[in-house]
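In what follows, a structure is listed as structure tokens, so that the remarks can point back to it.
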Amino acid sequence: QVQLVESGGGLVQPGGSLRLSCAASRGRFSNYVMGWYRQAPGKQRELVATITSGDNTNYADSVKGRFTISRDNAKNTVYLQMNSLKFEDTAVYFCNARVAIISYWGKGTLVTVSS
């Protein structure tokens, strides 16, 4: 059972930056496709970004050019650098680890973009 713990959320003004971290325990982290998803109030959970074991990345159109996903396999950690934050980026951000058909989720960290 992989455990994922997110951190780094908080309150930020529009145009500001935050870096989210997700630390994984157990399992072979380097084998996992890691991802960040988010869920805004009243909306469905949506993909933000993913990164494969080979460091191939994929982003939602809404965050391309502003967010960067990266991973440090030595630290079993995946990051999401978020720049130029907008009001509509406000959401709970969830970390996801996936290998084959098995998927694990963290409990989420809240990001609030507000002036």
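The values are calculated or read from the model by the stated rules, or taken from the named source; none is laboratory data. Small disclaimer: the values here were computed from a predicted structure and weren't measured. Neighbour counts are summed over all protein chains in view; Cβ atoms, including those assigned to glycine, are modelled from backbone coordinates with ideal geometry. Heavy atoms of the whole protein, side chains included, go into the accessibility calculation; ligands, DNA and RNA do not. Shrake-Rupley method; radii C 1.70, N 1.55, O 1.52, S 1.80 Å.
Within the group Ala40, Ala91, Ala60, which residue is among the aliphatic types (A, V, I, L, M) and over 19 Å from Ser114 (Cα atoms)? That would be Ala60, the only listed residue that is among the aliphatic types (A, V, I, L, M) and over 19 Å from Ser114 (Cα atoms).
Considering only the stretch 53-107, how many residues are among the hydrophobic types (A, V, I, L, M, F, W, C), in a strand (DSSP E or B) and modelled with pLDDT of 95 or more? Residues that pass the stated criteria total 11.
Residues checked against (1) of a type in the set (Gly, Ala, Ser); (2) open to solvent by 70 Å² or more (accessible area, probe 1.4 Å); (3) within 13 Å of Trp105 (Cα to Cα):
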position	(1), (2), (3)
Val5	no, yes, yes
Gly16	yes, no, no
Val48	no, no, no
Gly65	yes, yes, no
Asn73	no, no, no
Thr77	no, no, no
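The set of residues in the stretch 1-17 that are closer than 22 Å to Glu88 by Cβ and not in a strand (DSSP E or B) comprises Gly8, Gly9, Gln13, Pro14, Gly15, Gly16, Ser17.
Residues in the stretch 18-41 that are open to solvent by 60 Å² or more (accessible area, probe 1.4 Å) and either in a strand (DSSP E or B) or modelled with pLDDT of 95 or more (or both): Arg19, Gln39.
Scanning the stretch 62-115 for residues that are basic (Lys, Arg), within 14 Å of the chain's Cα centre (by Cα) and more than 18 Å from Gly15 (Cα to Cα) yields Arg71, Arg98, Lys107.
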